[in-house]
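A.B. asks: The structure follows.
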Amino acid sequence: MTEPAITPELVAKHNLTPDEYQKVLEILGRPPSYTELGIFSVMWSEHCSYKNTRPVLKTFPTKAANILVGAGEENAGIIDVGDGVAIAFKIESHNHPSAVEPFQGAATGVGGIIRDIFTMGARPVAALNSLRFGELSNPDVRHLFTGVVSGISHYGNCFGIPTIAGEVYFDKSYEGNPLVNAFCLGVLRHDQITRGAAHGIGNPVFYVGPATGRDGLAGAAFASQDLTEESAEQQRGAVQVGDPFMEKLVCEACLELLATGCVAGMQDMGAAGLTCSTCETAARAGTGIEIELDKVPQRAPNMSSYEIMLSESQERMLIVVHKGREEEVKKIFDKWDLPWAEIGVVTDTGQMVVRHGGKIVVDVPAKKLTEEAPVYQRESKEAAYMEAVRAFRLDGIADTTDAAGDLKRLLANHSIASKNWVYRQYDHMVRDGSVVCPGSDAAVIRIKTDSLPITKAEYAAKQAGEQSAVGDQQSAMPDKYVAFTCDCNGGYVYLDPYEGGKAAITEACRNLACSGAAPLGATDNLNFGNPHYPEIFWQLKESVRGLAEGCRAFNAPVTGGNVSLYNQRGALGAIDPTPTVAVVGLIEKPEHITTSWFKDAGDVIILLGAPVDTADPLQGLGGSALLQTLHGKKTGLPPRVDLEVAQALHATLLGLIYTGSVKSAHDCSEGGLAVCIAESCIAQQTARETPRLIGATVDLSAVAAVCDRRPEAAATDGADTAPLPPRLDALLFGETQSRVVITCKPLDATKVIERAKLMGVPAARIGTVGGDALAIKTTGGEFAAPVAELHDAWWNAIARAMA
């Protein structure tokens, strides 16, 4: 193949600016080859280099005593969970590919994040996903939704990993640009941590996995530009094609290989494929690497060096092997029936050298390629729409007159409704470690000894036929219980990026507290529009500021993550800013595991936290589901988050759970207090996936009476004016932050309330569990609805929309 001449037009087509190309010339001391140009294009894309966001990312808290591998060091962060055991976890996006080819885009997103985990030496044991789509009334959105969920289901189920948690939101802002964020968690021992570094001069470099094709060509660069109708059609070839069965073989082979001690370094071929894996491993080790493309397995004829280096064909790994142990490696690959090739060697030159057809086609300084990408300080400016958002008041917004009907409409809101249409397509029980499955505030898994990768000693004993020795080692570790969840209300972030960022991390940590877990660490996926627009970059900076403050407050350091920019499409504009955060926590004892649904008739219902934030002029209705669902408005400042109040609530709740007093706990979020209580009545599913419904009788008149909304002076100057209670819709459906509904035995109610108040957390007895209806009394009267009707509205809303 004759390579094209390097022209300004070709440089621009590779999304390199003139200044960036000048830097390439300075690094190389000459014009690049066509393949080198492609390599710089993908490695200096936002997806690989974070050139627009690196200064902002440095504001996250990333250090803690329990962090074994921190943010930016490797493919995933690793945190100690005690007894020599650790967890590896990370979240990443596959947004643009899923917009173009929803099934394969989502499937390969799952495959990519799984590889990031076993590349670290960990066995993948659980997955979750965070999804965003337009409104389901649009047939194009239904097509995307069906394809994405099917892709996630296909890959996860076939690989054999439980997809056990997640979230799905629907909003017009995602109409042309869905978000598909995939998370994976794995387990390993401390001494099994594997680094993606090409150590050992003279060590051979192996390629393992299926042959390289033309699928996924320059996918990293595709993900670093605006999505348009034209680019979507042109870039279908940039979407990879996944094979979960092949990935399972690769995973098992790699974990077995690590147990032999043959491996000096390992890296998956994800974004930028063979390019990224070679230059990053060399750069991390401070070495060089030389590979021969004629030795790379290829499934298409006459592939150019450009295509081979930039292909993102899936399920491929690059492994650096200790010299002299090549035969052991080949034996294991052959055992698992995997294609492999010895394609190169580690050198002392510091250069990434690629040969093809007897010629050197790439000769680039590895460290400069990976570590000297341009970094930009983008301009930021508050968005103009914020003036109207701040000015919004509830004047002209009618208070609710049909509370029961409004509750049903909110439960049927697709962002609030049960996501069973989604998770029933996932296998969430495979591997026998699932403890709390989809439907509660957070998922919980049990990490058993046999969940861990085989150790070197166990492998040697197994090879020698010493089964008893293997069994003795496997009985040494007590079970661990890990909870995890993901959260982000993009509408909140749009209306107030700083408060929205705080709300995302706070809700995730509140969900963990409701499950009995204390946070260990977080991983984030920052989904935004084009950073070249100052208003978009302002959203990003402010939301990261809020996220970072929350992470510090809850001792949840960021261990890694992903940035996905350019999420906008033509006239549809940018998505709502969506800094998704997944938080992982540890539950000390199995008896502390708590779920969200009501348990037994006669249990007392207690509200922890203030019923309404009386200092908020919108009473928790700004940006609320009620305003959007019933009034068609997405405006008003969202509820503010007081991190000290949230800390006190979480600590108090965990303390109550540790005493054994709490039977259920559910956080108040979208839809407010009434939706929270209703979900607690209807969310439980039996082992056979049939609902277990239980009603409740709730009296909010007392808590409403103490929510005096008069100005402070009027409330304290002795004037003869009656207290001003909150609006009924604010009391029922307002989204004031830091509230949890718990239940306990009647005998425990008094001590639970007293302990909470002693900790500075408002607490009130608001009702009793039992019956077949949810009845709620307020100062304005009483309403009731059969729980069967509430369940039908909530459980079947998405299925009806998809029918």
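The values are calculated or read from the model by the stated rules, or taken from the named source; none is laboratory data. Computed from a predicted structure; not experimentally measured. So basically every Cβ, Gly included, is an ideal-geometry build from the backbone, and we count neighbours across all protein chains shown. Surface areas here come from the heavy atoms of the whole protein model, side chains and all, with no ligands, DNA or RNA. Shrake-Rupley method; radii C 1.70, N 1.55, O 1.52, S 1.80 Å.
A.B. asks: Show the residue pairs that are 6+ apart or on different chains and have beta-carbon atoms under 8 Å apart, the first residue being within region 173-188 and farther than 30 Å from MET477 by Cα, the second being of a type in the set (Asp, Glu) and part of a strand (DSSP E or B).
C.D. replies: Close Cβ pairs satisfying both conditions: ASN181/GLU92.
A.B. asks: Testing ALA388 on (1) open to solvent by less than 30 Å² (accessible area, probe 1.4 Å); (2) part of a helix (DSSP H, G or I); (3) within 30 Å of LYS172 (Cα to Cα), one condition comes back false. Which one is that?
C.D. replies: (1)
A.B. asks: Please find, among THR614, THR578, THR659, the residue that is under 29 Å from LEU526 (Cα atoms) and either open to solvent by 30 Å² or more (accessible area, probe 1.4 Å) or in contact (Cβ under 8 Å) with a residue 24 or more places away in the chain (or both). Show your work before the answer.
C.D. replies: Values: THR614 fails: under 29 Å from LEU526 (Cα atoms); THR659 fails: under 29 Å from LEU526 (Cα atoms).
None of the other options fit; the residue is THR578.
A.B. asks: Select, from ARG142, ARG132, ARG123, the only residue that is over 29 Å from ASP450 (Cβ atoms) and open to solvent by 10 Å² or more (accessible area, probe 1.4 Å). So that I can check it myself, show each step before the final result.
C.D. replies: Details: ARG132 fails: open to solvent by 10 Å² or more (accessible area, probe 1.4 Å); ARG123 fails: over 29 Å from ASP450 (Cβ atoms).
Going through ARG142, ARG132, ARG123 in turn, the sole match is ARG142.
The rows are residues; the columns are (1) within 30 Å of LYS23 (Cα to Cα); (2) assigned to a strand (DSSP E or B); (3) not acidic (Asp, Glu).
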| residue | (1), (2), (3) |
| --- | --- |
| VAL345 | yes, yes, yes |
| THR349 | yes, no, yes |
| LYS367 | yes, no, yes |
| THR370 | yes, no, yes |
| VAL375 | yes, no, yes |
| SER380 | yes, no, yes |
| ALA404 | no, no, yes |
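A.B. asks: Considering region 752-770 alone, what residues qualify as being over 18 Å from PHE733 (Cβ atoms), open to solvent by less than 40 Å² (accessible area, probe 1.4 Å), of a type outside the set (Val, Ile, Thr) and out of contact with any helix residue (DSSP H, G or I) (no Cβ under 7 Å at 6 or more places or on another chain)?
C.D. replies: GLY770
A.B. asks: Before we move on, is ALA571 assigned to a helix (DSSP H, G or I) and over 30 Å from LYS745 (Cα atoms)?
C.D. replies: Criteria met by ALA571.
A.B. asks: So, one more: For GLN377, work out the one condition from (1) open to solvent by 70 Å² or more (accessible area, probe 1.4 Å); (2) within 28 Å of the chain's Cα centre (by Cα); (3) over 30 Å from GLY573 (Cα atoms) it doesn't fulfil.
C.D. replies: Among (1) open to solvent by 70 Å² or more (accessible area, probe 1.4 Å); (2) within 28 Å of the chain's Cα centre (by Cα); (3) over 30 Å from GLY573 (Cα atoms), GLN377 violates only (3).
A.B. asks: Still on this structure: What's the number of the only condition in (1) touching a residue at least 40 places away in the same chain (Cβ under 8 Å); (2) in a helix (DSSP H, G or I) that ASN562 fails to meet?
C.D. replies: (2)
A.B. asks: Do we find a residue being open to solvent by 40 Å² or more (accessible area, probe 1.4 Å), at pLDDT below 95 and either among the acidic types (Asp, Glu) or in contact with a helix residue (DSSP H, G or I) (Cβ under 8 Å, 6 or more places away or on another chain) (or both) anywhere in region 686-704?
C.D. replies: From region 686-704, those open to solvent by 40 Å² or more (accessible area, probe 1.4 Å) are 686-693, 697, 699, 702; that's our starting set.
Cutting the leftovers down to at pLDDT below 95 gives us 686-692, 702.
Of the ones still in play, those that are also either among the acidic types (Asp, Glu) or in contact with a helix residue (DSSP H, G or I) (Cβ under 8 Å, 6 or more places away or on another chain) (or both) are 689, 691.
Scanning region 686-704 turns up at least one residue that is open to solvent by 40 Å² or more (accessible area, probe 1.4 Å), at pLDDT below 95 and either among the acidic types (Asp, Glu) or in contact with a helix residue (DSSP H, G or I) (Cβ under 8 Å, 6 or more places away or on another chain) (or both).
A.B. asks: Let me ask something additional. Consider region 391-418. How many of its residues are open to solvent by 60 Å² or more (accessible area, probe 1.4 Å), among the hydrophobic types (A, V, I, L, M, F, W, C) and within 34 Å of the chain's Cα centre (by Cα)?
C.D. replies: 1
A.B. asks: May I pose another question? Does region 420-431 contain any residue that is of a type in the set (Phe, Trp, Tyr) and either surrounded by fewer than 18 Cβ atoms within 10 Å (Cβ to Cβ) or without any contact (Cβ under 8 Å) to a residue 60 or more places away in the chain (or both)?
C.D. replies: Pass one, region 420-431, residues of a type in the set (Phe, Trp, Tyr): 421, 423, 426.
Then drop every residue that is not either surrounded by fewer than 18 Cβ atoms within 10 Å (Cβ to Cβ) or without any contact (Cβ under 8 Å) to a residue 60 or more places away in the chain (or both), which leaves none.
Checked against the condition, which is being of a type in the set (Phe, Trp, Tyr) and either surrounded by fewer than 18 Cβ atoms within 10 Å (Cβ to Cβ) or without any contact (Cβ under 8 Å) to a residue 60 or more places away in the chain (or both), region 420-431 yields no hits at all.
A.B. asks: Let me ask another. Give the residue, chosen from ALA442, ALA412, that is in contact with a strand residue (DSSP E or B) (Cβ under 7 Å, 6 or more places away or on another chain) and among the small types (Gly, Ala, Ser).
C.D. replies: Every option except ALA442 fails the conditions.
A.B. asks: Scan region 771-786 and give yes if some residue there is more than 17 Å from LEU700 (Cβ to Cβ), outside any loop (DSSP other than H, G, I, E, B) and either touching a Gly at 6+ places or on another chain (Cβ under 7 Å) or open to solvent by 50 Å² or more (accessible area, probe 1.4 Å) (or both), otherwise no.
C.D. replies: Within region 771-786, one or more residues are more than 17 Å from LEU700 (Cβ to Cβ), outside any loop (DSSP other than H, G, I, E, B) and either touching a Gly at 6+ places or on another chain (Cβ under 7 Å) or open to solvent by 50 Å² or more (accessible area, probe 1.4 Å) (or both).
A.B. asks: Same structure, new question: Sort through ALA504, ALA518 and tell me the only one that's crowded, with 23+ Cβ neighbours inside 10 Å and within 30 Å of LEU653 (Cβ to Cβ).
C.D. replies: ALA504
A.B. asks: Now for a different question. I'd like to verify a number: residues in region 617-656 that are open to solvent by less than 50 Å² (accessible area, probe 1.4 Å), under 19 Å from PHE733 (Cβ atoms) and more than 24 Å from the chain's Cα centre (by Cα), how many?
C.D. replies: 11
A.B. asks: What's the number of the only condition in (1) in contact with a Lys or Arg (Cβ under 7 Å, 6 or more places away or on another chain); (2) acidic (Asp, Glu); (3) surrounded by fewer than 19 Cβ atoms within 10 Å (Cβ to Cβ) that ASP667 fails to meet?
C.D. replies: (3)
A.B. asks: Still on this structure, I have one more. Looking at region 72-102 only, could you name the residues that are in a helix (DSSP H, G or I) and either under 28 Å from THR455 (Cβ atoms) or over 13 Å from the mean Cα position of the chain (by Cα) (or both)? Spell out the reasoning first.
C.D. replies: Step one: list which residues in region 72-102 are in a helix (DSSP H, G or I), which gives 95-100, 102.
HIS96, PRO97, SER98, ALA99, VAL100, PRO102, listed by residue number.
A.B. asks: Out of all the residues in region 755-767, which are more than 19 Å from HIS650 (Cβ to Cβ) and either assigned to a loop (DSSP other than H, G, I, E, B) or not β-branched (Val, Ile, Thr) (or both)?
C.D. replies: Within region 755-767, ARG765, GLY767 qualify.
A.B. asks: For region 124-143, does any single residue satisfy the condition of being touching a strand residue (DSSP E or B) at 6+ places or on another chain (Cβ under 8 Å) and in a helix (DSSP H, G or I)?
C.D. replies: Yes, the conditions are met somewhere in region 124-143.
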